[in-house]
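Structure record follows, encoded as structure tokens.
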Amino acid sequence: GQNIDQPTEMTATEGAIVQINCTYQTSGFNGLFWYQQHAGEAPTFLSYNVLDGLEEKGRFSSFLSRSKGYSYLLLKELQMKDSASYLCAVRDISGYALNFGKGTSLLVTP
Amino acid sequence: GAVVSQHPSRVICKSGTSVKIECRSLDFQATTMFWYRQFPKKSLMLMATSNEGSKATYEQGVEKDKFLINHASLTLSTLTVTSAHPEDSSFYICSSAEGGETQYFGPGTRLLVL
């Protein structure tokens, strides 16, 4: 099984930088994903890490340390539309299914 | 990213009826699709893995006779909620993974059972 932890809520100011952490425990790791989900909508893919290090994609970056069971999602130049829930999901070696954390609800304020 | 559609987007039904939800992979052939359920302000919970041409694999605690999954073609998987009850009201989301890598989600189906 897997244990995935991320903060429940975060608040940040428009234009600022925010880091959302995710820790996990798994018997067999095969990739970590970050998704964004606006209320009432399905999740949209943000990033995928399978090797240690930082993956940068525009305003969003994701970091992974497999030895520490740790990842973070970094959002730069925050915009009001970034207010959403951010889901950390881990895939294990048994297949392609994802196990999701409970999500971090981010509120961006003016 | 891949495009996944779901139909219907929203359904209201009476208790005891059955509801079918379709999930289509529009731009690639998906041998595997996944069905998730999400209750309000909760995270996604995997219900089952749908395999084309074979039986679905259900997660622990999910009743296979209540949530019937059929994956008859490489682009279509269906989830049928049989004899639905109010506690089955939820947001049902499917996903497919091209080449077994990144999963892309459909827009979801909101089910309300009265």
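When B:S96, B:S77 are checked against the criterion of being more than 10 Å from the chain's Cα centre (by Cα), of a type in the set (S, T, N, Q) and outside any loop (DSSP other than H, G, I, E, B), B:S96 stands alone in meeting it. Number of residues in region B:81-94 that are surrounded by 15 or more Cβ atoms within 10 Å (Cβ to Cβ) and farther than 25 Å from A:D92 by Cα equals 6.
Return yes or no: is B:P107 under 23 Å from A:C88 (Cα atoms), assigned to a loop (DSSP other than H, G, I, E, B) and within 14 Å of the chain's Cα centre (by Cα)? When the stated conditions are applied, B:P107 passes them.
Considering only residues in region A:10-56 that are among the acidic types (D, E) and farther than 16 Å from A:L78 by Cα, the one that is nearest to the other protein chains (Cβ to nearest Cβ) turns out to be A:E41. When restricted to residues that are more than 9 Å from chain A (Cβ to nearest Cβ) and surrounded by 15 or more Cβ atoms within 10 Å (Cβ to Cβ), region B:95-114 contains 5.
One residue stands out among those in region B:57-114 that are at pLDDT below 90 and among the acidic types (D, E): the one that is nearest to A:L32 (Cα to Cα), which is B:E101.
Table: residues versus (1) within 21 Å of B:Q103 (Cα to Cα); (2) surrounded by 15 or more Cβ atoms within 10 Å (Cβ to Cβ).
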{"site": "B:S15", "(1), (2)": "no, no"}
{"site": "B:I21", "(1), (2)": "yes, yes"}
{"site": "B:L26", "(1), (2)": "yes, no"}
{"site": "B:Q29", "(1), (2)": "yes, no"}
{"site": "B:Y36", "(1), (2)": "yes, yes"}
{"site": "B:K42", "(1), (2)": "yes, no"}
{"site": "B:E52", "(1), (2)": "yes, yes"}
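Of all strands (runs of 3 or more DSSP E) completely enclosed by region A:1-105, which ones contain at least 1 residues that are free of Cβ contacts under 8 Å to residues at least 40 places away in the same chain and at positive phi? Result: A:53-57. Of the residues making up region A:61-110, those that are surrounded by fewer than 17 Cβ atoms within 10 Å (Cβ to Cβ), out of contact with any Ser or Thr (no Cβ under 7 Å at 6 or more places or on another chain) and over 27 Å from A:F29 (Cα atoms) are A:K76, A:E77, A:Q79, A:M80, A:K81, A:P110. Taking region B:55-68 as the range and being touching a strand residue (DSSP E or B) at 6+ places or on another chain (Cβ under 9 Å), in contact (Cβ under 8 Å) with a residue 12 or more places away in the chain and not aliphatic (A, V, I, L, M) as the test, the residues that pass are B:E59, B:K64, B:K66, B:F67. Every residue in region B:3-13 that is crowded, with 19+ Cβ neighbours inside 10 Å and among the hydrophobic types (A, V, I, L, M, F, W, C), please. The answer is B:V4, and nothing else.
Assess whether B:A48 counts as being crowded, with 19+ Cβ neighbours inside 10 Å and of a type outside the set (S, T, Y). Against the criterion (crowded, with 19+ Cβ neighbours inside 10 Å and of a type outside the set (S, T, Y)), B:A48 qualifies.
The values are calculated or read from the model by the stated rules, or taken from the named source; none is laboratory data. Computed from a predicted model, the values in this text were never measured in an experiment. For neighbour counting, all protein chains shown are included, and Cβ atoms are generated from backbone atoms with ideal geometry for every residue, glycine included.
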